[in-house]
Amino acid sequence: MGTIDVHTHHVPQAWPALPGAEAPWLRVESASDAVIMMGTREFRRIRSNCWDASLRLADMDADGVDAQVVSPTPAFFSYGLPPAEAVEVARIFNDLALEIVAPAPDRLIPFCQVPLQDPDEACRELERSLANGHRGVEIGNHVGDLDLDSEGVVTFLQHAASLDVPVFVHPWDMASTPRNDRWMAQWLTGMPAETHLSVLALILGGVFDRIDSRLRICFAHGGGSFAFWLGRTENAWHQRHDVIGTSEFPPSHYLGRFYVDSVVFDERALRLLVDTVGAERVLVGSDYPYPLGERPVGEVVTKSGFLSEDQRALIQRGNALRFLG
Ligand code: CO
């Protein structure tokens, strides 16, 4: 049985220009090349494996991947737009995603995006997308200055839990500062820190205490810096309980409440994840088809000598089946 990859992205070739000078748009250069543009700035050059199912399936076959979750590229979340415009963006994006996965519905599993700045509209778009064939939802790890413990986001997460829909959390919209804009620091330190903060928001914000325990939620990039700094957080919870937040229990109590993907590139990091959250909570993710993704997909899991065969099977496939429901 092959691997299930829960972390891949698409960009529809027919993506229309968004309103707003800084909004992302797609400059198509040829049948196989395009550039994601932020206003007049080149954000990322992409290839047709972003939208062409046959190329994706060929790469999956080469890497032993049975199925992949196909999620939006976070640059297009559009949480900063007025809600009515963001609804339109999500609808177009989600409908185009269904066209991308149509050639192989049993192997390409679409996750939708939602206008998370408007929880009611986000719930509506989730329901509309599910009715049309989406199987889960990818959300950004924050909405402007609001983290995942904000009332609106919790309302949405509760709705996803009540619908039994998996949620994949992806960092995005990292701070752009002179220091962060060097060396890909937005991706190398910004993304792991963003994801770390999101896990903390669910724990320290008391979300896991009050939300339906059926919520199935997975964090990208191994949960960012969370696992490495769990001890520090745990210590802070005991030493500074006056300021650290509202969770009923210490952070380690909530380790069974979320999943993380495996795209950490290093056996030592994978071992820390497995030791921290458990082999039943780590899923193969790759970040395909982007340059900071892992190829062959799941290689760190395949090659890590410390995993038992049972653990490896869970991480490659079994956990994903449970996450996806
Ligand atoms: Co990604």
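Being within 16 Å of the ligand (Cβ to nearest atom) and more than 23 Å from G318 (Cα to Cα) narrows it down to one residue among A31, A90, A53, A75; which is it?
A75
Which number in (1) surrounded by 18 or more Cβ atoms within 10 Å (Cβ to Cβ); (2) more than 16 Å from the ligand (Cβ to nearest atom) marks the one condition that R41 misses?
All conditions pass for R41, except number (1).
Could you tell me whether the stretch 242-253 includes any residue that is of a type in the set (A, V, I, L, M, F, W, C), away from the ligand (no atom under 16 Å from the Cβ) and farther than 24 Å from T189 by Cα? Give the steps one after another, and end with the answer.
As a first pass, look at the stretch 242-253 and keep what is of a type in the set (A, V, I, L, M, F, W, C): 243-244, 249.
Narrowing the set further to residues that are away from the ligand (no atom under 16 Å from the Cβ) leaves 243-244, 249.
From what is left, the residues that are farther than 24 Å from T189 by Cα are 243, 249.
Yes.
Which of the following residues is in contact with a helix residue (DSSP H, G or I) (Cβ under 9 Å, 6 or more places away or on another chain), closer than 12 Å to S129 by Cβ, assigned to a loop (DSSP other than H, G, I, E, B) and not polar (S, T, N, Q): P115, P110, P103?
Exactly one residue qualifies, and that residue is P115.
Within the stretch 1-60, work out how many residues are aromatic (F, W, Y), part of a strand (DSSP E or B) and touching a residue at least 24 places away in the same chain (Cβ under 8 Å).
Summing the residues that are aromatic (F, W, Y), part of a strand (DSSP E or B) and touching a residue at least 24 places away in the same chain (Cβ under 8 Å) in the stretch 1-60 gives 1.
Condition check ((1) without any contact (Cβ under 8 Å) to a residue 60 or more places away in the chain; (2) surrounded by fewer than 21 Cβ atoms within 10 Å (Cβ to Cβ)) across all residues:
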position: T195; (1), (2): yes, no
position: I203; (1), (2): yes, no
position: G224; (1), (2): yes, no
position: W229; (1), (2): yes, yes
position: H238; (1), (2): yes, yes
position: H241; (1), (2): yes, yes
position: G245; (1), (2): yes, yes
position: F258; (1), (2): yes, no
position: V263; (1), (2): no, no
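On the basis of being at pLDDT 95 or above and basic (K, R), does R56 make the cut?
yes
If we scan the stretch 285-306, do we find a residue that is part of a helix (DSSP H, G or I), basic (K, R) and surrounded by 15 or more Cβ atoms within 10 Å (Cβ to Cβ)?
For the stretch 285-306, residues part of a helix (DSSP H, G or I), basic (K, R) and surrounded by 15 or more Cβ atoms within 10 Å (Cβ to Cβ): absent.
Does D5 satisfy the condition of being away from the ligand (no atom under 16 Å from the Cβ) and out of contact with any helix residue (DSSP H, G or I) (no Cβ under 7 Å at 6 or more places or on another chain)?
no
Can you tell me which residue in the stretch 56-72 is surrounded by the fewest Cβ atoms within 10 Å (Cβ to Cβ), limited to those that are over 21 Å from A17 (Cβ atoms) and within 16 Å of the ligand (Cβ to nearest atom)?
Step one: list which residues in the stretch 56-72 are over 21 Å from A17 (Cβ atoms), which gives 56-71.
With within 16 Å of the ligand (Cβ to nearest atom) added as a condition, the list becomes 56, 59, 65, 68-71.
Working: R56: 26, D59: 19, V65: 24, Q68: 29, V69: 26, V70: 25, S71: 25.
The extreme case among them is D59.
The values are calculated or read from the model by the stated rules, or taken from the named source; none is laboratory data. From a predicted model like this one, the values you see are computed outputs, not experimental measurements. Using ideal geometry, Cβ is built from the backbone for each residue, glycine included, and neighbour counts are taken over all protein chains shown.
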